[in-house]
Amino acid sequence: MTIQDKDLLSIQEVRDLIGQAKKAQKELANMSQEQIDAICEAIAKAGYDNRVKLAQMAHEETGFGIWQDKVVKNAFASQGVLEAIKDMKTVGVLSDNEETKVMEVAVPVGVVAGLIPSTNPTSTVIYKALISIKAGNSIVFSPHPNALNSILETVKVIEAAAVAAGCPAGAISTMKVPTIQGTDQLMKHQDTSLILATGGSAMVKAAYSSGTPAIGVGPGNGPAFIERTANIPMAVKHILDSKTFDNGTICASEQSIIVEENSRDEVIAELKKQGAYFLNAKEAEQLEKFIMRANGTMNPQIVGKSVQRIAALTGLSIPEGARVLIAEESRVGSKIPYSREKLAPILAFYTAPNWSAACELSIDILNHEGAGHTMIIHSEDKAVIRKFALKKPVSRLLVNTPGALGGIGAATNLMPALTLGCGAVGGSSTSDNIGPANLFNIRRVAYGVRELEELRGTDAPSTATVATDENKEALINVLVEKVLAQLQ
Ligand SMILES: CC(=O)SCCNC(=O)CCNC(=O)[C@H](O)C(C)(C)COP(=O)(O)OP(=O)(O)OC[C@H]1O[C@@H](n2cnc3c(N)ncnc32)[C@H](O)[C@@H]1OP(=O)(O)O
């Protein structure tokens, strides 16, 4: 098949899938909350029951991560997400306030386009299907080509379970021939209502430029600041647990450690004790060349690989049992690989002279990459944490927890999610951990509660006397004052 034939096939496939998804969504829109909830339960159960098989498939196909950790991600995306959303009201009348005389009705957005990354393919499919159906929408997936088979299998098992539980056929589907042109068509099609884009920057930018409303996830690059009051052994444990989880593929995981001068030696000793290997200057330079590709994007050869695989690839000789590789760094910038996002067990290590310098440094790192995403602080001082929270350009400031598991809401009480909004500063329309509430609109039914005479009041000039522009202006001023007084 020529490239052109493949593109045409992909585009035609997308059009067919959207047609079926639109039809199915009309049926979903007429279902009760109970019917929708039963379908979600079936999707979660199928995802959970198949969590091991799907994790192994994703690992084998992409070569990223650790399959045992992908099992945890699949369980989180199915049962964990279901637990958080099962009691949410998402269908029909959401509220009816007798006092304010405003009633709220949920309105599904329609057909969702779900772009799936190669780093968390199966878990992201289960999660996006659950939150879309819960909000009364159909979803058509666009798989990352390098994770195609595991994504197809995930869609197959959850779609079959959903249909058996009453879901209309076509409500959950996936492109089988993913091409850039086909995905472009999915994003721009007039019947696609919303794009949920999780993946590489280029794809997320394409989603924002498509003309269709989009919720995208930009790059993470969260520093972890170990403040002087931190419980250092616990902070180090959290950072290493996070950075080694699925070999660092979660975008909320730590990318650098920042310490103050006075705790530097203690933190380094603890990191070494818990399995971190500090690269010397020559080794750091050797590894640095493999972090980015020539075009400045992350090198997939190191993504989700163990330190042993990375060492073999880069010709480094490291001690047996090393869990993460750490390079001391002092610079920040797009051409400084250690200061950027590395979805691998590699960390930069910065020393700041004091607290305020650590603050400035973390802002600088985030402003170069990862603005609006996540950062982590380890501290026992609530006043410091509050102060720290006020100025950082992130949507999630995680405290005393592993970044990867805290950001997605597994180790914190944030909304469990595998798509993390990055707010306006990160180019996103929302800073939320994306859930069903981001996937329906609200129609507000508002009863009249004031008449014009009330708004006008008794001392307003009569409309009958309005003859001149001056009078008109006087009347408008009085009316504006009355309305403002009513609203206060
Ligand atoms: C909560 C979370 O953890 S979300 C985590 C999500 N974050 C990420 O995925 C991190 C960002 N991702 C990346 O930087 C990259 O995807 C990597 C480094 C992980 C992998 O890199 P690669 O394997 O080279 O894949 P990359 O994403 O660059 O895409 C490869 C090709 O597939 C194409 N592609 C990717 N997704 C799709 C899609 N949905 N449909 C069609 N084509 C696609 C890309 O456009 C690219 O095409 P090109 O080679 O012609 O330019």
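The values are calculated or read from the model by the stated rules, or taken from the named source; none is laboratory data. Just so it is clear, the model here is predicted, and its values are computed rather than measured. Methodologically, a virtual Cβ is constructed for each residue, glycine included, from the backbone with ideal geometry; neighbour enumeration extends over all protein chains shown.
General remarks:
- Annotation: Ser118 fulfils all but one of (1) closer than 27 Å to Glu60 by Cβ; (2) away from the ligand (no atom under 16 Å from the Cβ); the unmet one is (2).
Each row is one residue, and each column tells you yes or no for (1) part of a helix (DSSP H, G or I); (2) assigned by the TED database to the domain that holds Ser193; (3) without any contact (Cβ under 8 Å) to a residue 24 or more places away in the chain.
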| residue | (1), (2), (3) |
| --- | --- |
| Lys89 | no, yes, no |
| Val107 | no, yes, no |
| Ala113 | no, yes, no |
| Ser118 | no, yes, no |
| Tyr127 | yes, yes, no |
| Leu130 | yes, yes, no |
| Ala160 | yes, yes, no |
| Val163 | yes, yes, yes |
| Pro168 | no, yes, no |
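- Subset of the stretch 451-488 that is outside any helix (DSSP H, G or I) and surrounded by 11 or more Cβ atoms within 10 Å (Cβ to Cβ) - its residue that is modelled with the lowest pLDDT: Val466
- Residue in the stretch 228-242 that is assigned to a helix (DSSP H, G or I), of a type outside the set (D, E, K, R) and within 11 Å of the ligand (Cβ to nearest atom) present: no
- Considering the stretch 177-193, the residues that are part of a helix (DSSP H, G or I) and near the ligand (Cβ under 8 Å from one of its atoms) include one that is farthest from Asp7 (Cα to Cα), namely Thr183.
- Taking the criterion of being assigned to a helix (DSSP H, G or I) and more than 17 Å from the chain's Cα centre (by Cα), the residues of the stretch 247-266 that qualify are Asn247, Glu261, Asn262, Ser263, Arg264, Asp265, Glu266.
- Looking across the stretch 199-213, just one residue is outside any loop (DSSP other than H, G, I, E, B) and under 13 Å from Leu420 (Cα atoms), and that is Val204.
- For the stretch 131-146, filtered to residues that are more than 19 Å from Asp184 (Cβ to Cβ) and among the small types (Gly, Ala, Ser), the residue that is farthest from the ligand (Cβ to nearest atom) is Gly136.
- Which listed residue, of Glu283, Glu261, is closer than 29 Å to Asn354 by Cα, out of contact with any Lys or Arg (no Cβ under 8 Å at 6 or more places or on another chain) and surrounded by fewer than 16 Cβ atoms within 10 Å (Cβ to Cβ): Glu261
- Some residue of the stretch 18-30 being touching a Leu at 6+ places or on another chain (Cβ under 9 Å), in a helix (DSSP H, G or I) and touching a residue at least 24 places away in the same chain (Cβ under 8 Å): yes
- Each residue in the stretch 270-305 was checked for being among the hydrophobic types (A, V, I, L, M, F, W, C), out of contact with any Phe, Trp or Tyr (no Cβ under 9 Å at 6 or more places or on another chain) and within 16 Å of the ligand (Cβ to nearest atom), and 4 of them qualify.
- Of the residues examined, Phe76 is not one that is touching a Gly at 6+ places or on another chain (Cβ under 6 Å) and at pLDDT 95 or above.
- Per the conditions (1) touching a Leu at 6+ places or on another chain (Cβ under 6 Å); (2) closer than 20 Å to Cys251 by Cα, the sole criterion not satisfied by Ala147 is (1).
- Residue check for Ala312: away from the ligand (no atom under 16 Å from the Cβ), exposed (fewer than 15 other Cβ atoms within 10 Å of the Cβ) and either not hydroxyl-bearing (Ser, Thr, Tyr) or not in a strand (DSSP E or B) (or both): yes
- Filter result (of a type outside the set (D, E, K, R) and within 13 Å of the ligand (Cβ to nearest atom)) within the stretch 159-176: Thr174, Met175
- Failed criterion for Leu196 (all others in (1) out of contact with any His (no Cβ under 9 Å at 6 or more places or on another chain); (2) near the ligand (Cβ under 10 Å from one of its atoms); (3) not in a loop (DSSP other than H, G, I, E, B) hold): (2)
- Sole residue being part of a loop (DSSP other than H, G, I, E, B), within 14 Å of the ligand (Cβ to nearest atom) and outside the structural domain of Ile36 (by the TED database), chosen from Leu414, Leu398: Leu414
- Against the test of being charged (D, E, K, R), within 14 Å of the ligand (Cβ to nearest atom) and modelled with pLDDT of 95 or more, the options Lys156, Lys128, Lys101 yield a single qualifying residue, Lys128.
- Within the stretch 211-227, the only residue that satisfies the criterion of being closer than 16 Å to Ser428 by Cβ and either more than 19 Å from the chain's Cα centre (by Cα) or away from the ligand (no atom under 16 Å from the Cβ) (or both) is Pro213.
- If you go through the stretch 336-378 and keep only what is in contact (Cβ under 8 Å) with a residue 12 or more places away in the chain and among the charged types (D, E, K, R), you end up with Arg340, Glu341, Lys342, Asp364, Glu369.
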